[in-house]
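Visitor: Handing you this structure, nothing more for now.
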There are 4 protein chains.
Amino acid sequence: MIKAGIIGATGYAGAELVRLLLGHKEAEIVWYGSQSYVNQNYADVYRNMFQIVDEKCMGEDMDALADQVDVIFTATPQGYCASIINDAVLSKVKVVDLSADFRIKDVAVYEKWYGIEHKSPQYIEEAVYGLCEINREDVKGARLVANPGCYTTCSILTAYPLVKEGLIDADTLIIDAKSGTSGAGRGAKVQNLFCEVNENIKAYGVASHRHTPEIEEQLGYAAGKELVLNFTPHLVPMNRGILVTEYASLNKVKRADGSTGLPSYEEIRAAYDKYYEREKFVRVLDKGVCPETKWVEGSNYVDVNFVIDERTGRIIMMGALDNLVKGAAGQAVQNMNLMFGLKESEGLEFAPLFP
Amino acid sequence: MIKAGIIGATGYAGAELVRLLLGHKEAEIVWYGSQSYVNQNYADVYRNMFQIVDEKCMGEDMDALADQVDVIFTATPQGYCASIINDAVLSKVKVVDLSADFRIKDVAVYEKWYGIEHKSPQYIEEAVYGLCEINREDVKGARLVANPGCYTTCSILTAYPLVKEGLIDADTLIIDAKSGTSGAGRGAKVQNLFCEVNENIKAYGVASHRHTPEIEEQLGYAAGKELVLNFTPHLVPMNRGILVTEYASLNKVKRADGSTGLPSYEEIRAAYDKYYEREKFVRVLDKGVCPETKWVEGSNYVDVNFVIDERTGRIIMMGALDNLVKGAAGQAVQNMNLMFGLKESEGLEFAPLFP
Amino acid sequence: MIKAGIIGATGYAGAELVRLLLGHKEAEIVWYGSQSYVNQNYADVYRNMFQIVDEKCMGEDMDALADQVDVIFTATPQGYCASIINDAVLSKVKVVDLSADFRIKDVAVYEKWYGIEHKSPQYIEEAVYGLCEINREDVKGARLVANPGCYTTCSILTAYPLVKEGLIDADTLIIDAKSGTSGAGRGAKVQNLFCEVNENIKAYGVASHRHTPEIEEQLGYAAGKELVLNFTPHLVPMNRGILVTEYASLNKVKRADGSTGLPSYEEIRAAYDKYYEREKFVRVLDKGVCPETKWVEGSNYVDVNFVIDERTGRIIMMGALDNLVKGAAGQAVQNMNLMFGLKESEGLEFAPLFP
Amino acid sequence: MIKAGIIGATGYAGAELVRLLLGHKEAEIVWYGSQSYVNQNYADVYRNMFQIVDEKCMGEDMDALADQVDVIFTATPQGYCASIINDAVLSKVKVVDLSADFRIKDVAVYEKWYGIEHKSPQYIEEAVYGLCEINREDVKGARLVANPGCYTTCSILTAYPLVKEGLIDADTLIIDAKSGTSGAGRGAKVQNLFCEVNENIKAYGVASHRHTPEIEEQLGYAAGKELVLNFTPHLVPMNRGILVTEYASLNKVKRADGSTGLPSYEEIRAAYDKYYEREKFVRVLDKGVCPETKWVEGSNYVDVNFVIDERTGRIIMMGALDNLVKGAAGQAVQNMNLMFGLKESEGLEFAPLFP
């Protein structure tokens, strides 16, 4: 039985991690860390856990924690994990960091977009970017995994096969993303009050959202070159779910008979199948079916699909996931499973909730 | 492995049954019955099941089904189960009927409130009312279980200990219930369109809702006399969840020292604990905590609590559950577990989803 | 042109007052008071007012304000109006207080339920309770109007004719109320975050909500005796709207022919018509039609109706209004109109918004 | 007093037209046409109008109607207006058609995208595209106005100044649009049920939505050349509101000093101001403020703004409106005002509703 500690167990992502690990047959939570609720019953902070979790919130002492557990999850604000991680910890336990601290390889880029100093740049290199479907083998051997962001997981997986196969002009990529409100966290802010979010939709962080460089870096690896792209997040009046709609110009393909032209549905589809056919958690939908966030709610699935627009020569790619599961806690568990040699889908094999 | 067939698998309750049985270790679904979608892929009707359920919808031939399965669930409109059930079926399989057909012992009451003729009154007597926490032993031996209604499960469990113990005057009981919209089913009706339900709340079926006689009958058994009460359902702009707020006058209690008076918090609490302390799925909340539907969403839990109003001599009881789980499919699985001698909570041991 | 000042113009009720007064032909706002946003552009706090309101938020100096306006609206937290009102102010301007400070005649009751000391009890007696349909003539001559609470307006108007006419046993009155979230105000609290309110319903303030004594006092005047009753508010995932469902035992009526019995539909209806037939803003719906909050959204209407349950001898009364309009700002404008001798419906003659 | 008849008064757009015309000082509705509800009380179909509208629904006989009114609004499904309009009608009354029948000048394009035969192509040429801010003078003299679509109004107004001034490369224009559910109409369809839309977001009509050619045609006039572009609509769980997020590559500008470069914030802003500074209903927001649908709800305003992304050389333009007001009924009233020589904003001068 793997002993797990969670630093930041009282945020929405941390709480989802609790929910998922409670259903995991080979892991148990032994430490519910929280900055704001120390010594309070966890079930008083998340009443869904009444009579299910009978523990108090602990502080966030990573060193103490490292002596008691096999894996530490940090579901904390940016900068926090980097400020407390150290060699001693990493020598004792595996760490899955759900914050952005170890996602971006270039510390200067991190510091520019996040506006904070990185306190542990020495661990950036060894950290593995935990997008399981793409970096599976590296994750298996990692002791520090940077769990991808919610928007980034959805944005990357939706476009990855086409970027990797050179079927789209990656320089034309535009990502229009829509997220439920749990992505904004549980902090008490006027802008996240029910009456401000409900019956409303808006863009925010336009041309400046922090997930942009993360997407650019990862898709840049796939493209084999540096990329800049547009990423625009929107806030949607729903609790969970991210939908991305991505636009790019198709590259012409050269065919066996010497002809060239825009790729066909079948050619695009083959690229998706090449990468995802054996992936349990990425579902390439049937032709004509658009992903909807509701169809993946509460689950670790990502649904993707695409439409070719021959009039404009562009492709519209779409992807949907649950930001708290595949976009955060579910992927963290998937990473843990890989790191400990468990079945990758252990604890994640449940169907989406509908309606 | 128990083989299960579902008649009415494409309604919301049927779909939830599919979701739950997919996660059940000792049962498998072998028949997805549907009147409206015969021969269509189940996963085209409920896309959350894409790549999870790979079956087509079958017709609703109960006789054919009875030869292939161990248990049949009917999640069908009122009157349908009664019209197709017969001795041959009951001699081969166990039946859990999620409709109202076998819930009410007095066929005249059924026919009056439902406005239809009952086609199989001969099975009413043997049918066991499947409110597990109350009729557990009877359910174990049943071949036909009448799965309780969503409103009724919540209404009854919230008041049951106090009615049973005579702590309230059952003739003063008033139940004000609030339900999410999945209770209205998946039929295409103007009144259930998003724009009609959203940003709206209304009462409906006032003094005439069909769950009234079911609540009266069951609480009447607890009271040891016939009851009439007020039950008013309301439609709330949310997908899942039922909250009931129940009002009744407290009876005076006579104490060991000869004094009489309104029962204290501790005396009421003791009554709840007497019936629910060992019940996994009924959670009596801490003093001062009001049940919220969100805290039980997606789970089989019922949260109950109460407040004594000394000014008026009344008690306000509250209960919350997920209408599709404990109010329908979850309770059906719980009944199945009891009927087949499985662990009662098998397939239902997951925490509520939040947020 | 009446000059109006608003103290507390940046809360939801204050902002609604701004919206309504902007559409009022005989009033203009000259002071947008706000404790939290002094010197900020009002349109930066409420962006719907961009290019419509071109004023900065002022402080909340009632004395300075009294020299500049004809009427002051206080849409402030409990206790604030009482702490700043004085003879000088009342000698210069008329005041409509949207807080609870002058609603309750017995200062001890106020201090007990609100838990604060009343700073100006000397004005309580002269303050007129501004429920226009009931106290119209008194409002016309008032210089200080206590604008009723949102729940109370709805609760009182729904039951008033039957209490007044003695058709129900007022001691059996139970009020189950449901409110949209704007009633909780614009303060940044975790419990009012979108993800906490959405897909959720709960009771709160059970047997202790501060609107209880206000309802009891006013319905007590109608009944001609002191009343205690149960009032239970619930939080509903919608922005606007209050629905009340009220239960009471019917009194028998003695008819001309000497017979006695429960009142008929027509007799109850006649009582409603007696009080509301000529009231523009109270709509007694057709038989069988239940009030819905959506049908009054954005307007000053209250929709009421009732169902007699002969089985239990009780009547179920229902009422719906928009908590920010008839439940707050709209009624405040209606009071202002009466106080200044304007047409009572001036500035309020628009239809509800649907959907 | 202008006498108005509405054909299709029982759809959501028709009902909004009723709401707006009721508040219009110089118009009155004399005919509530409806295919589905003939002879029913209008207030039974839209209960917000109880005691406000006391008329029955009439049939949709345009010829009879033309003898009784000055203006006919057709808020009907595609193809209907074209099938009933004729010379006699147009000789007697002015017509504002809220359907798409006369929006597209090329009948072949109309018939291809809408999949139906156009029954009155002879009136297409004279029909004026009623986007008031752009075609104001033509609208004034028109007898047949094609009222623009909801998505198109928002899409066009958001990009118009930059296309017209050549500041963006119109061939790179990508429009990602998000709409509330009232845009889907009041027809009873499973996909529009509350439980299917709530907690969900999806794209639909990808690369095939019928508003695409309308946007292309109108922006093509501004660009002075034929355009093709990508338009992707999404369904958002809210009643009202459209938000568009538009992406395009900036053209370099040549400056007075001979230098060239991407346009600055000020240069882009100047273009918007050139076209919208004197427009009451188009609000160019302050720098850094993103449009939100909630800030225009219930009103005729369109809020627009933009962000320049120097990294990619693209601009992100955003626009928000209420699909039932500026996107349908409000614009229809604005057109009527122009056609009859009234003040353009008559009946539309109210502030947005918040929250």
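The values are calculated or read from the model by the stated rules, or taken from the named source; none is laboratory data. A quick note: this is a predicted structure, and the numbers were derived from the prediction, not measured. Cβ: placed from backbone, ideal geometry, glycine included. Neighbour counts: every protein chain shown.
Visitor: Look at segment C:133-143 and say how many of its residues are touching a residue at least 40 places away in the same chain (Cβ under 8 Å) and assigned to a helix (DSSP H, G or I).
Guide: Number satisfying all stated conditions: 5.
Visitor: Specify which of the listed residues (C:Val18, C:Val38) is surrounded by fewer than 24 Cβ atoms within 10 Å (Cβ to Cβ) and either assigned by TED's automatic domain parsing to the domain that holds C:Tyr80 or not in a helix (DSSP H, G or I) (or both).
Guide: Only one candidate passes the filter, namely C:Val38.
Visitor: So in segment D:266-305, with the set limited to residues that are touching a helix residue (DSSP H, G or I) at 6+ places or on another chain (Cβ under 6 Å) and of a type in the set (Phe, Trp, Tyr), which one is farthest from the other protein chains (Cβ to nearest Cβ)?
Guide: By that ranking, first place goes to D:Tyr275.
Visitor: Oh, and also: Could you go through segment B:57-68 and let me know if any residue there is among the aliphatic types (A, V, I, L, M) and either under 22 Å from A:Trp295 (Cα atoms) or in the same structural domain as B:Gly187 (by TED's automatic domain parsing) (or both).
Guide: There is no residue in segment B:57-68 that is among the aliphatic types (A, V, I, L, M) and either under 22 Å from A:Trp295 (Cα atoms) or in the same structural domain as B:Gly187 (by TED's automatic domain parsing) (or both).
Visitor: Check C:Ser83, C:Ser36 and return the single one that is touching a Lys or Arg at 6+ places or on another chain (Cβ under 9 Å) and among the hydroxyl-bearing types (Ser, Thr, Tyr).
Guide: Step by step, each of C:Ser83, C:Ser36 is checked, and only C:Ser83 is touching a Lys or Arg at 6+ places or on another chain (Cβ under 9 Å) and among the hydroxyl-bearing types (Ser, Thr, Tyr).
Visitor: Still on this structure, I have one more. Report whether or not D:Gly180 is within 13 Å of chain A (Cβ to nearest Cβ), in contact (Cβ under 8 Å) with a residue 12 or more places away in the chain, at negative phi and among the small types (Gly, Ala, Ser).
Guide: yes
For every residue, the table says whether it meets (1) in contact with a Gly (Cβ under 9 Å, 6 or more places away or on another chain); (2) of a type outside the set (A, V, I, L, M, F, W, C); (3) free of Cβ contacts under 8 Å to residues at least 12 places away in the same chain; (4) buried (at least 23 other Cβ atoms within 10 Å of the Cβ).
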{"site": "B:Glu310", "(1), (2), (3), (4)": "no, yes, no, no"}
{"site": "B:Met317", "(1), (2), (3), (4)": "no, no, no, yes"}
{"site": "B:Lys326", "(1), (2), (3), (4)": "no, yes, no, yes"}
{"site": "B:Gln331", "(1), (2), (3), (4)": "yes, yes, no, yes"}
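Visitor: What number of residues within segment B:52-87 are exposed (fewer than 15 other Cβ atoms within 10 Å of the Cβ) and closer than 24 Å to A:Phe354 by Cβ?
Guide: Within segment B:52-87, residues that are exposed (fewer than 15 other Cβ atoms within 10 Å of the Cβ) and closer than 24 Å to A:Phe354 by Cβ number 2.
Visitor: β-branched (Val, Ile, Thr) and buried (at least 18 other Cβ atoms within 10 Å of the Cβ): is that true of B:Val236 in this structure?
Guide: Spelling it out, B:Val236 is indeed β-branched (Val, Ile, Thr) and buried (at least 18 other Cβ atoms within 10 Å of the Cβ).
Visitor: Under the condition of being at the interface with chain B (Cβ under 7 Å from one of its Cβ atoms) and of a type in the set (A, V, I, L, M), which residue from segment C:196-210 is nearest to B:Leu321 (Cα to Cα)?
Guide: Ranking the qualifying residues of segment C:196-210, first place goes to C:Ile201.
Visitor: Another question, then. Pairs needed: first member in segment D:276-293, in contact (Cβ under 8 Å) with a residue 12 or more places away in the chain; second member anywhere, of a type in the set (Ser, Thr, Tyr); C-beta distance under 7 Å; at least 6 residues apart or different chains.
Guide: Pairs found: D:Lys280/D:Ser345; D:Phe281/D:Tyr301; D:Val282/D:Tyr276; D:Arg283/D:Tyr301; D:Val284/D:Tyr272; D:Val284/D:Tyr276; D:Lys287/D:Tyr265; D:Cys290/A:Tyr204.
Visitor: Of the numbered conditions (1) touching a helix residue (DSSP H, G or I) at 6+ places or on another chain (Cβ under 9 Å); (2) not in a strand (DSSP E or B), A:Ala4 fails exactly one; give the number of that condition.
Guide: So A:Ala4 meets the others, but not (2).
Visitor: Residue by residue through segment D:314-346, note down the ones that are touching a strand residue (DSSP E or B) at 6+ places or on another chain (Cβ under 7 Å) and not in a strand (DSSP E or B).
Guide: Result: D:Asn323, D:Lys326, D:Gly327, D:Ala332, D:Asn335, D:Met336, D:Met339, D:Phe340.
Visitor: Please go through segment B:113-132 and pick out each residue that is in a helix (DSSP H, G or I) and without any contact (Cβ under 8 Å) to a residue 12 or more places away in the chain.
Guide: The one that is in a helix (DSSP H, G or I) and without any contact (Cβ under 8 Å) to a residue 12 or more places away in the chain: B:Gln122.
Visitor: Another one. Take C:Val145 and decide whether it is assigned by TED's automatic domain parsing to the domain that holds C:Trp295 and of a type outside the set (S, T, N, Q).
Guide: no
Visitor: Whether any residue in segment D:239-249 is away from chain A (no Cβ under 14 Å) and surrounded by fewer than 23 Cβ atoms within 10 Å (Cβ to Cβ) is what I want to check.
Guide: No - not one qualifying residue is present in segment D:239-249.
Visitor: Tell me, please, whether a residue that is out of contact with any Phe, Trp or Tyr (no Cβ under 8 Å at 6 or more places or on another chain) and assigned to a helix (DSSP H, G or I) can be found in segment A:297-313.
Guide: Scanning segment A:297-313, I find no residue that is out of contact with any Phe, Trp or Tyr (no Cβ under 8 Å at 6 or more places or on another chain) and assigned to a helix (DSSP H, G or I), so the answer is no.
Visitor: I need the full set of residues from segment B:185-195 which are more than 7 Å from chain C (Cβ to nearest Cβ) and either among the basic types (Lys, Arg) or more than 18 Å from B:Val45 (Cα to Cα) (or both), in order please.
Guide: Matches in segment B:185-195: B:Arg186, B:Lys189, B:Val190, B:Gln191, B:Asn192, B:Leu193, B:Phe194.
Visitor: Return the residues of segment D:1-42 that are β-branched (Val, Ile, Thr), under 23 Å from the mean Cα position of the chain (by Cα) and more than 16 Å from D:Glu346 (Cβ to Cβ); say none if nothing qualifies.
Guide: Selection gives D:Ile6, D:Ile7, D:Thr10, D:Val18.
Visitor: Keeping to segment B:182-229, report how many residues are crowded, with 18+ Cβ neighbours inside 10 Å and under 19 Å from C:Ile201 (Cβ atoms).
Guide: 16
Visitor: When you scan segment B:258-267, do you find a residue that is crowded, with 24+ Cβ neighbours inside 10 Å and not assigned by TED's automatic domain parsing to the domain that holds B:Gly8, even just one?
Guide: no
Visitor: Does A:Val53 fit the bill of being within 24 Å of A:Phe340 (Cβ to Cβ), over 22 Å from the mean Cα position of the chain (by Cα), within 14 Å of another protein chain (Cβ to nearest Cβ) and not in a helix (DSSP H, G or I)?
Guide: Here the answer is yes, as A:Val53 does meet what is asked.
Visitor: Does segment C:30-49 hold any residues that are in contact with a Phe, Trp or Tyr (Cβ under 9 Å, 6 or more places away or on another chain) and among the β-branched types (Val, Ile, Thr), and which are they?
Guide: C:Val45
Visitor: Out of segment C:213-265, which residues are in a loop (DSSP other than H, G, I, E, B), within 20 Å of the chain's Cα centre (by Cα) and of a type in the set (Gly, Ala, Ser)?
Guide: C:Gly241 - this is the single residue of segment C:213-265 that is in a loop (DSSP other than H, G, I, E, B), within 20 Å of the chain's Cα centre (by Cα) and of a type in the set (Gly, Ala, Ser).
Table: residues versus (1) within 13 Å of another protein chain (Cβ to nearest Cβ); (2) farther than 30 Å from B:Asp138 by Cα; (3) at pLDDT below 95.
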site	(1), (2), (3)
B:Val18	yes, no, no
B:Ala27	no, no, no
B:Met49	yes, yes, no
B:Cys57	no, yes, no
B:Asp63	no, no, yes
B:Ala88	no, no, no
B:Ser91	no, no, no
B:Val96	no, no, no
B:Ala100	no, no, no
